[in-house]
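A short write-up of the structure that comes next.
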Amino acid sequence: LMEEGGSEKENGVLASMDSSESRWVYQDAEGSEVDNDGDASVGGDESPLRDSEDDEDCNPEKRLIRTGPKIDSFDVEALEIPGAMRNEFEDITLGRSIVLAFQTLGVVFGDVGTSPLYTFSVMFSKAPANGNEDVLGALSLVLYTLILIPLVKYVLIVLWANDDGEGGTFALYSLICRHAKVGLQPNQLPSDARISRFKLKVPSPELERSLKIKERLEASPTLKKLLLMLVLAGTSMVIADGVVTPAMSVISAVDGLKIGVPGTQKDHVVIISVAFIIVLFSVQRYGTSKMGLIVGPALLIWFCSLGAIGTYNLVRYDTSVLRAFNPIHIYYYFKRNSKKAWYSLGGCLLCATGSEAMFADLCYFSVRSVQLTFVFLVFPCLLLGYLGQAAYLMENHADTTQAFFSSVPSGAFWPVFLVANIAALIASRTMTTATFSCVKQSTALGCFPRLKIIHTSRKFMGQIYIPVMNWFLLALTLILVCNISNTYEIGNAYGMAEVGVMMMSTSLVTLVMLLIWQLNIFVVLSFAFIFLGVELTFFSSVLCDVADGSWIILVFAVVMFLIMYIWNYGSNLKYETEVKQKISMDVLRELGPSLGTVRAPGIGLLYNELAKGVPAIFGHFLTTLPAIHSMVIFVCIKYVPVSVVPQSERFLFRRVCPKSYHIFRCVA
């Protein structure tokens, strides 16, 4: 991994240690080489990262042959030793995929699954329904938004742009960084590409477009910074989404008390919501797998009840709402309501909330499990739920402020209310887990302070819990709920965060299509034109309501963006300073093996950011301390843009000075 040495000459010194131009070794009858020290190796390859001094016994039947120089394993590139590194990951079995599909209900789809609680209510608060045609137009907008964004864009396209199973804006960025040298993170080396999980398909020579884009990105520092800023903006929106999702989901569910108990006041809703949110964040530490298995049945009941209530209302009230599948009703809706219809787009967008969570939470599950669960369970139940609400509203225009709970049959109200609140709590976890994933990825790329990360699963590396972020999100969510308890205002903020993330993902996936997938230019332009066009239209709608709550999310996202950008800038500056001030190898050679001081027995571990060279702080120790350990190891924690590093490649060692100095480097 490391290209050691402070000078060109030192590399030659290291390569020649314990070696000569050629050497004489014995070869036994089976063809294995046995050198003068008794070390056996098949095919001449030495075992990595060790100095063998055992096996004194030699094979009696052997002959003397001339072979190449003996290279000390501490003096060569660890990743260049044949057979030293093996990928130890296993494929997920079919049975495991079924279990994962069940768990996805409780982790991935809670957010999009609870959108029927508030979508129509927010839409009709901006553009009141003056007739059945308005209900049909609003329903048609919701249906095609569901089809276009969650189904076509995310489930069928974006999920495949994952980085070895990890999703989200930073996963897209790390994927691009592995393909083109556009990363700005410090202590990266050309040898990083030899990690077994680093490899990507190299562009074919005949595909000049991909090569030209790659060359342009690599040659332009401005484009590299713009790409990083785009990723940071998307990530800041995801974190902002993690604040507003619990507020929106829980308040919308608890708000149903106003239907069941007519005397319920706004303050009562706020108090109950605060209690639920505190409980929600308190159980977050138990992990995704455990919580997924526990809450999975609750979400299954929720989706089934959503579909059942929708079917009941569809049959009882008005089956003519099926005409909403004809998109001409969207045109009529805008023709009748014009500006109000445009304002209502911000509410319509809420039916697609949680789409980004499907991608960001991908590290917890497999692509197939997410796709199967959405296509065969989540999507049909959502369609039935919205169709049933619209059928009810065709005969009850006055109930648009509480469209979902008003449409629930009176005999089933309290069971549905209970399940809806449980589903809302589960939905709130969706963006919280997505936030954990984004923070972990941004930390790995040097864009976020290092925080304590707890891995909650032994089988899946992506299932994590970050205590500091958990309580930080809880505090901000409580502030939001206590200050803006109006569902419509929180809905505006929710839409702002969602559409911001969607636009960033569309831009990055377009770049992946051009650079890595190398698709036909017509396909790429169609994807960018359709989805960016739709998302910019939604963005223009929520931007007009920025004064009604959205500004809080914008301010928070800007603050998070500045934190990440400044941290990345500071990390790079710190590393550049360490590189400039590192100690020359010539100085250490002049001091000799004693390093000009007393070498006391023991091992000294010295942490630094350098992946090569001797840090300046080591010189400070030599001049200040009365003694130094007999063995010194420079420890460097190094992040590379891959989702998981194989077990055998996580700790790499290398000798820094000649053998008598007993100075090594460990890259973790």
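Things worth noting here:
Quick grid of which residues meet (1) touching a residue at least 12 places away in the same chain (Cβ under 8 Å); (2) open to solvent by 30 Å² or more (accessible area, probe 1.4 Å); (3) touching a strand residue (DSSP E or B) at 6+ places or on another chain (Cβ under 7 Å):
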position	(1), (2), (3)
L372	yes, yes, no
F376	no, yes, no
A423	yes, no, no
A434	yes, no, no
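- Residues that are in a helix (DSSP H, G or I) and farther than 10 Å from L345 by Cα, drawn from region 122-144: F124, S125, N132, E133, D134, V135, L136, G137, L139, S140, L143, Y144
- Residue list for region 547-604, restricted to those being polar (S, T, N, Q) and crowded, with 18+ Cβ neighbours inside 10 Å: S550, N568, S571
- Long-range neighbours under 7 Å by Cβ, at least six apart or interchain, first residue touching a residue at least 12 places away in the same chain (Cβ under 8 Å) within region 310-323, second surrounded by fewer than 19 Cβ atoms within 10 Å (Cβ to Cβ) and of a type in the set (D, E): Y317/E395; D318/E395
- Flag for S344 being closer than 30 Å to Q463 by Cα, part of a helix (DSSP H, G or I) and under 34 Å from the mean Cα position of the chain (by Cα): no
- Answer residue from region 436-445, given it is surrounded by fewer than 24 Cβ atoms within 10 Å (Cβ to Cβ) and at pLDDT 80 or above and is nearest to L362 (Cα to Cα) among those: K440
- Look at region 592-616: where a residue is closer than 20 Å to Q581 by Cα and aromatic (F, W, Y) and a partner is open to solvent by less than 40 Å² (accessible area, probe 1.4 Å) and not in a loop (DSSP other than H, G, I, E, B), sitting 6+ places away or on another chain with Cβ atoms under 9 Å, you get Y607/F634; Y607/V635; Y607/C636.
- Residues in region 262-286 that are hydroxyl-bearing (S, T, Y) and open to solvent by 90 Å² or more (accessible area, probe 1.4 Å): 1 in all.
- Test: residue in region 531-541 that is under 27 Å from D267 (Cβ atoms) and not charged (D, E, K, R): no
- Just one of the listed residues (S366, S410) is among the hydroxyl-bearing types (S, T, Y) and surrounded by fewer than 18 Cβ atoms within 10 Å (Cβ to Cβ), namely S410.
This table checks each residue for (1) modelled with pLDDT under 85; (2) crowded, with 24+ Cβ neighbours inside 10 Å; (3) assigned by the TED database to the domain that holds N162; (4) touching a helix residue (DSSP H, G or I) at 6+ places or on another chain (Cβ under 6 Å).
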position	(1), (2), (3), (4)
L451	no, no, yes, yes
H455	yes, no, yes, no
F460	yes, no, yes, no
M469	no, no, yes, yes
A475	no, no, yes, no
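The values are calculated or read from the model by the stated rules, or taken from the named source; none is laboratory data. Being a predicted model, the structure only gives us computed values, none of them experimental. With ideal geometry, Cβ positions are generated from the backbone for all residues, glycine too; neighbour counts draw on all protein chains shown. The area values use the complete protein model at the heavy-atom level, side chains included, leaving out ligands, DNA and RNA. Shrake-Rupley method; radii C 1.70, N 1.55, O 1.52, S 1.80 Å.
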